[in-house]
């Protein structure tokens, strides 16, 4: 899945990076919805054991 405000790297250790540099990675409703969707997607993948949120 692709996201407008996130960079998601999958693997045993998944990384979700907030990518909104113009607003210093400030969170808004759209970004929070994307984070939830990304976490739901990663949680459903049996290969993923850890999720790191960064930004």
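Details
- Members of segment 8-18 that are in contact with a strand residue (DSSP E or B) (Cβ under 9 Å, 6 or more places away or on another chain) and loosely packed, with under 14 Cβ neighbours inside 10 Å: 9, 12, 13
- Remark: pairs (first residue in segment 2-25, on the phi > 0 side of the Ramachandran plot; second residue modelled with pLDDT of 95 or more and in a strand (DSSP E or B); Cβ separation under 8 Å; 6+ apart in sequence or on different chains) = 25/18.
- Matching residues, segment 12-24, being assigned to a loop (DSSP other than H, G, I, E, B) and farther than 16 Å from residue 2 by Cβ: 12, 24
- Selection within segment 25-51 - in a helix (DSSP H, G or I) and surrounded by 13 or more Cβ atoms within 10 Å (Cβ to Cβ): 31, 34, 35, 37, 38, 39, 41, 42
The values are calculated or read from the model by the stated rules, or taken from the named source; none is laboratory data. Values in this document were obtained by computation on a predicted structure and should not be read as measured data. Note: ideal-geometry Cβ built from the backbone for every residue, glycine included; neighbour counts use all protein chains shown.
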